[in-house]
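Participant: Before I ask anything, here is the structure I am working with.
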Amino acid sequence: MFGGQVAAPINSPHLRRSGSRAVVSDLGAELGNGVENSYVHPLELNGSKNASIPLVTAAIVPSPTLLWRFKVLLFLLWGFICGKTGWQSVMRMSADLRDLFLYEAFLYYNPLLLVTTMVWLWGINLWVFSRSNINYAKIFDLDQNHLTHREIWKCATWMTIVVPTSMTAYLYLYSNGEVSLAASQPVLLYFAVVMLLIFPFDIFYFSSRYYLLRALWRIVLPFQAITFPDFFLADILTSMAKVFSDIERSVCRMVHRQVATIAWFEADSVCGSHSVAIPLVLVLPYLFRFFQCLRQYRDIGERSALLNALKYSTAVPVIFLSALKYHVLPESWTNFYRPLWLLSSVLNSLYSFYWDVARDWDFSFARMFKFNKSHLYSHLLHGRTWVYFWVIGSNLILRCTWTYKLSAHLRNNYLTVFTIAALEIFRRFQWIFFRVENEWNKINSRPNMQVSMNDPSDDEVKLLSSSAGGYNV
């Protein structure tokens, strides 16, 4: 029992002579089953210079599948905690205050939730393009450091975590009487988003943030030739007009210190539902796109640019006729302005639907049912006829319902408007597939592209051969 050998820890300081240290040498040997390197630790034992004990250490690295499952488990646990905490906080309020407070909380956070949804769907767009023959980096003039679909999804994951967490904290703090702390939650979140976008240092995808801000600057001030990324992003912004309108109302309440109060509930207040700023912000994306079309007509002289500008101008009556409900007599609205609003809504929806299918996607209505000829349509979905029926049909329906969102007098039904805004983002997600592929087909059909894809010319062959001959030794 006491006469046997005692196994001391191999890294014990008592096994080293005073002043000596363990020496680690990498043998570069690779072992299977997760063992990456082998190490030998020569230790001087009891003054003996030649005594050494070899030690093999195995680096235990969890598999990617195990890590992914663990992350999903943490994500679901976080979602459960946020959902339970938010529900208990809402149920703790009185019934007459509950709906009013939810409307306010929803106003602050639903714009960022819609943006998060758009980022997730954009990652899916890039994933599909990466698995097809569409070079989206060339279409959007991206450098080699552009974000891939995996990095886009990583950003969307963090947005999915941060935004609901802030919303849960807002509900919890307000329901427990911490009004000032609750009011600070949306303010801090909006401030963090702005700082993250304009942060001038080379961290957190600096080149991609600069690319986005530069494109937004060109959209707001179209003083230069319009490129495909410019009007592509501007088209996406038209689908997010509701987002910008709600952001304006949220920032207005933050500036006037109306967060977590009921001062804004007065319809005629500076941030109320009758504010003139609401239709002005709603119309801005359409005006940006309208001036882009005029600039495009000035540069290339195509008549289709004017017709496209006319399409965006049809959204202006929809927005301002709806806003007139709060500024005219009820009889005037019912008998005169409301029929004009309905007429302008139908015109805008049908005109936009026609342009989506016939111009943006280049689907000829004369060949609408010849989907078996895949070369006439998208190369992404060969032989899947039902997809074309679904995309065209859903685009028509969602174009009509999208008018509901543009109407300021209907925005008090916040859950309905949020659902329609989310469906519009889904419609734009579908639109992107066919619009980007149509642009890629146009690029490939240009003569200069055909020349570059062919064999090199005789002059190029001579130049290459002479260069190669100069380096022969």
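The values are calculated or read from the model by the stated rules, or taken from the named source; none is laboratory data. Please read all numbers here as calculations on a predicted model, not as lab measurements. Cβ coordinates were reconstructed from backbone atoms using ideal geometry, including for glycine residues, and neighbour counts include every protein chain displayed. Surface areas here come from the heavy atoms of the whole protein model, side chains and all, with no ligands, DNA or RNA. Shrake-Rupley method; radii C 1.70, N 1.55, O 1.52, S 1.80 Å.
Participant: Going residue by residue through region 276-286, is there one that turns out to be open to solvent by 50 Å² or more (accessible area, probe 1.4 Å), under 30 Å from residue 146 (Cα atoms) and free of Cβ contacts under 8 Å to residues at least 60 places away in the same chain? Can you show your working first?
Facilitator: To start, the set of residues in region 276-286 that are open to solvent by 50 Å² or more (accessible area, probe 1.4 Å) comprises 276, 280, 284.
Pick out the ones that are also under 30 Å from residue 146 (Cα atoms) and you get 284.
Checking the rest, the ones that are also free of Cβ contacts under 8 Å to residues at least 60 places away in the same chain come to 284.
Among the residues of region 276-286, at least one is open to solvent by 50 Å² or more (accessible area, probe 1.4 Å), under 30 Å from residue 146 (Cα atoms) and free of Cβ contacts under 8 Å to residues at least 60 places away in the same chain, which makes the answer yes.
Participant: I need the full set of residues from region 291-325 which are farther than 16 Å from residue 234 by Cβ, of a type in the set (Gly, Ala, Ser) and in a helix (DSSP H, G or I), in order please.
Facilitator: Correct list: 304, 322, 323.
Participant: Look through 107, 76 and report the one residue that is in contact (Cβ under 8 Å) with a residue 24 or more places away in the chain and out of contact with any strand residue (DSSP E or B) (no Cβ under 8 Å at 6 or more places or on another chain).
Facilitator: 107
Participant: Say we look at region 110-120 and pick out the residues that are open to solvent by 30 Å² or more (accessible area, probe 1.4 Å) and of a type outside the set (Ser, Thr, Tyr); which of these is farthest from the chain's Cα centre (by Cα)?
Facilitator: This residue is 113.
Participant: Please report, ordered by residue number, the helices (runs of 4 or more DSSP H) entirely within region 55-172 with at least 1 residues that are within 26 Å of residue 214 (Cα to Cα). So that I can check it myself, show each step before the final result.
Facilitator: On the way: elements: 64-91, 95-130, 136-139.
Those helices (runs of 4 or more DSSP H) span 95-130, 136-139.
Participant: Here's a follow-up. Could you list, in sequence order, the residues of region 178-201 that are outside any helix (DSSP H, G or I) and farther than 22 Å from residue 83 by Cβ?
Facilitator: Within region 178-201, 199, 200, 201 qualify.
Participant: Still on this model: Out of all the residues in region 271-282, which are at pLDDT below 85 and out of contact with any helix residue (DSSP H, G or I) (no Cβ under 7 Å at 6 or more places or on another chain)?
Facilitator: Passing the criteria: 273, 275.
Participant: In contact with a helix residue (DSSP H, G or I) (Cβ under 9 Å, 6 or more places away or on another chain), under 20 Å from residue 392 (Cβ atoms) and either surrounded by fewer than 18 Cβ atoms within 10 Å (Cβ to Cβ) or acidic (Asp, Glu) (or both) - does that describe any residue in region 334-349?
Facilitator: Scanning region 334-349, I find at least one residue that is in contact with a helix residue (DSSP H, G or I) (Cβ under 9 Å, 6 or more places away or on another chain), under 20 Å from residue 392 (Cβ atoms) and either surrounded by fewer than 18 Cβ atoms within 10 Å (Cβ to Cβ) or acidic (Asp, Glu) (or both), so the answer is yes.
Participant: So, of the residues in region 132-148 that are over 18 Å from the mean Cα position of the chain (by Cα) and modelled with pLDDT of 90 or more, which turns out to be most open to solvent (accessible area, probe 1.4 Å)? Lay out the reasoning, then the answer.
Facilitator: In the first step, residues of region 132-148 are kept if they are over 18 Å from the mean Cα position of the chain (by Cα); the result is 132-135, 138-139, 141, 143-144.
Right, trim to modelled with pLDDT of 90 or more and you get 135, 138-139, 141.
Working: 135: 69, 138: 103, 139: 12, 141: 122 Å².
My answer is 141.
Participant: With respect to residue 237, is the statement that it is assigned to a helix (DSSP H, G or I), at pLDDT 95 or above and not polar (S, T, N, Q) true? Quick ask: steps written out before the conclusion?
Facilitator: On the way: assigned to a helix (DSSP H, G or I): yes; at pLDDT 95 or above: yes; not polar (S, T, N, Q): yes.
In short, yes.
Participant: Somewhere in region 336-344, is a residue free of Cβ contacts under 8 Å to residues at least 12 places away in the same chain and not in a helix (DSSP H, G or I)?
Facilitator: Checked region 336-344: no residue is free of Cβ contacts under 8 Å to residues at least 12 places away in the same chain and not in a helix (DSSP H, G or I).
Participant: Kindly provide the set of residues from region 76-90 that are open to solvent by 80 Å² or more (accessible area, probe 1.4 Å) and not charged (D, E, K, R), ordered by number.
Facilitator: Residues satisfying the conditions are 76, 77, 80, 81, 87, 88.
Participant: Over 25 Å from the mean Cα position of the chain (by Cα) and open to solvent by less than 60 Å² (accessible area, probe 1.4 Å), is that true of residue 241?
Facilitator: It is false that residue 241 is over 25 Å from the mean Cα position of the chain (by Cα) and open to solvent by less than 60 Å² (accessible area, probe 1.4 Å).
Participant: What single numbered condition from (1) part of a helix (DSSP H, G or I); (2) open to solvent by less than 40 Å² (accessible area, probe 1.4 Å) fails to hold for residue 248?
Facilitator: (2)
Participant: When residues of region 172-192 are filtered for being surrounded by 14 or more Cβ atoms within 10 Å (Cβ to Cβ) and under 20 Å from residue 257 (Cβ atoms), how many remain?
Facilitator: Total satisfying the criteria: 12.
Participant: Another question about this same structure. Name every residue in region 202-222 that is touching a residue at least 60 places away in the same chain (Cβ under 8 Å) and either open to solvent by 40 Å² or more (accessible area, probe 1.4 Å) or in a helix (DSSP H, G or I) (or both), in order of residue number.
Facilitator: Answer for region 202-222, where residues must be touching a residue at least 60 places away in the same chain (Cβ under 8 Å) and either open to solvent by 40 Å² or more (accessible area, probe 1.4 Å) or in a helix (DSSP H, G or I) (or both): 207, 208, 211, 219, 220.
Participant: Also: Assess whether residue 152 counts as being open to solvent by less than 30 Å² (accessible area, probe 1.4 Å), more than 23 Å from residue 83 (Cβ to Cβ), β-branched (Val, Ile, Thr) and modelled with pLDDT of 95 or more.
Facilitator: Yes; evaluated as a whole, the condition is true for this residue.
Participant: For residue 415, indicate whether it is modelled with pLDDT of 90 or more, within 30 Å of the chain's Cα centre (by Cα), hydrophobic (A, V, I, L, M, F, W, C) and open to solvent by 40 Å² or more (accessible area, probe 1.4 Å).
Facilitator: Details: modelled with pLDDT of 90 or more: no; within 30 Å of the chain's Cα centre (by Cα): yes; hydrophobic (A, V, I, L, M, F, W, C): yes; open to solvent by 40 Å² or more (accessible area, probe 1.4 Å): yes.
Taking the combined requirement at face value, the residue does not satisfy it.
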